[in-house]
Amino acid sequence: MKIHGKAKTILAWVGCLSLLGILTAGFTGFDTIRLSGGIIEDSGGNTRITISPTGTNVTLTGSVDFSSYVNKSSQPSFLAALTTTISNATGDGTLVPVSYNSEIYDLNSNYAPGNPATPSAGTFTAPVDGKYYLTATVYLTDINAAGAATLSIRIVTSDRTYHKYFQDTAGLANTVMSLSIDAIADMDANDTAYIQANAAGGSKTADVTSGNTTSLVYAYFSGSLIN
Ligand SMILES: [Ca+2]
Ligand SMILES: [Ca+2]
Ligand SMILES: [Ca+2]
């Protein structure tokens with residue numbers, strides 16, 4: 001192993017270290033090696049770890065094997081629920097921005113709750129370019145279509161919209177439908193994602209319904225950066 005930068009100075013100072021074996025001597029508990037930047041190479045001269053001079057990035061080159069779990073406590077990830085019903089919001093085809101007003105968790109503070117009174121959409125903003133797993137449900141009640149009711153739930157991102165359609169062929173009064181959707185969305189930094197739903201084929205009686213209690217969630221929106 002070859003070490004560049006300030007680490008070289010540190011290793012010269014820690015004279016008891018062996019570069020031919022496992023580095024154990026001289027380290028106890030949470031001792032610190034402080035680098036202002038540099039690279040660590042394997043015995044073949046291949047760069048394996050790069051630490052940027054600014055101290056903001058560490059780049060690992062090649063595959064990385066973890067023998068235990070990896071807990072990424074700041075990885076963008078959120079879960080929000082709708083806890084207030086949006087009444088008489090659709091049924092006539094109106095696309096409703098779903099408000100998901102109550103955050104259950106928001107690990108990197110990238111989710112802004114919506115307001116069911118307006119209604120305005122609960123919106124996730126991607127902090128970095130990446131692939132984001134997004135999933136949502138809505139619970140539509142009081143759908144009174146004269147004939148067939150067409151329903152949809154959509155994930156609306158800055159670059160594209162993901163649609164999922166359903167049809168209630170019976171067209172019964174007071175029909176209820178639970179709709180769900182998911183996608184692995186390609187998002188750029190500062191792209192947004194929110195949920196829309198609608199019912200068509202009748203009048204504007206349909207409600208986007210919340211759970212009975214905060215522990216019984218009928219409508220939720222969640223997402224996480226996966227890659
Ligand atoms: Ca938030
Ligand atoms: Ca974009
Ligand atoms: Ca209603």
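A quick yes/no check of all residues on (1) closer than 15 Å to ALA89 by Cα; (2) crowded, with 20+ Cβ neighbours inside 10 Å; (3) touching a helix residue (DSSP H, G or I) at 6+ places or on another chain (Cβ under 7 Å):
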residue	(1), (2), (3)
TYR133	no, no, no
VAL176	yes, no, no
MET187	no, yes, no
GLY202	yes, yes, no
SER210	yes, yes, no
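Hey, any hits in the range 117-132 for a residue that's in the same structural domain as PHE166 (by TED's automatic domain parsing), of a type in the set (Phe, Trp, Tyr) and within 16 Å of ligand 3 (Cβ to nearest atom)? Show your work before the answer.
Going residue by residue through the range 117-132, those that are in the same structural domain as PHE166 (by TED's automatic domain parsing) are 117-132.
Subsequent filtering for residues that are of a type in the set (Phe, Trp, Tyr) retains 124, 132.
Narrowing the set further to residues that are within 16 Å of ligand 3 (Cβ to nearest atom) leaves none.
No, that holds for no residue.
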Exercise. Out of (1) surrounded by 21 or more Cβ atoms within 10 Å (Cβ to Cβ); (2) under 19 Å from SER99 (Cα atoms); (3) within 16 Å of ligand 1 (Cβ to nearest atom), the odd one out for SER224 is which?
Worked result: (1)
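Criterion first (modelled with pLDDT under 95, surrounded by 14 or more Cβ atoms within 10 Å (Cβ to Cβ) and away from ligand 2 (no atom under 16 Å from the Cβ)) does THR150 satisfy it? Can you show your working first?
Values: modelled with pLDDT under 95: yes; surrounded by 14 or more Cβ atoms within 10 Å (Cβ to Cβ): yes; away from ligand 2 (no atom under 16 Å from the Cβ): yes.
Yes; evaluated as a whole, the condition is true for this residue.
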Exercise. Going through the range 52-78 one residue at a time, which ones are within 16 Å of ligand 1 (Cβ to nearest atom), outside any loop (DSSP other than H, G, I, E, B) and of a type outside the set (Ser, Thr, Tyr)?
Worked result: PHE78
Exercise. Within the range 186-212, which residues are within 20 Å of PRO113 (Cα to Cα) and more than 16 Å from ligand 3 (Cβ to nearest atom)?
Worked result: MET187, ALA189, ASN190, ASP191, THR192, ALA193, TYR194, ILE195, GLN196, GLY211, ASN212
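Of ALA126, ALA136, which residue is closer than 23 Å to ILE226 by Cα, of a type in the set (A, V, I, L, M, F, W, C), under 14 Å from the mean Cα position of the chain (by Cα) and away from ligand 2 (no atom under 16 Å from the Cβ)?
Values: ALA126 fails: away from ligand 2 (no atom under 16 Å from the Cβ).
Result of the check over ALA126, ALA136: ALA136.
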Problem set entry | Total residues in the range 157-202, condition in contact (Cβ under 8 Å) with a residue 60 or more places away in the chain and under 19 Å from VAL98 (Cα atoms) | 10
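Taking strands (runs of 3 or more DSSP E) that do not extend beyond the range 86-201, which have at least 3 residues that are small (Gly, Ala, Ser) and away from ligand 1 (no atom under 16 Å from the Cβ)?
Details: elements: 86-90, 102-106, 123-125, 130-143, 145-157, 161-168, 175-187.
Per the criteria, 145-157, 175-187.
The values are calculated or read from the model by the stated rules, or taken from the named source; none is laboratory data. From a predicted model like this one, the values you see are computed outputs, not experimental measurements. Here Cβ is always computed from backbone atoms with ideal geometry, including for glycine, and neighbour counts include all displayed protein chains.
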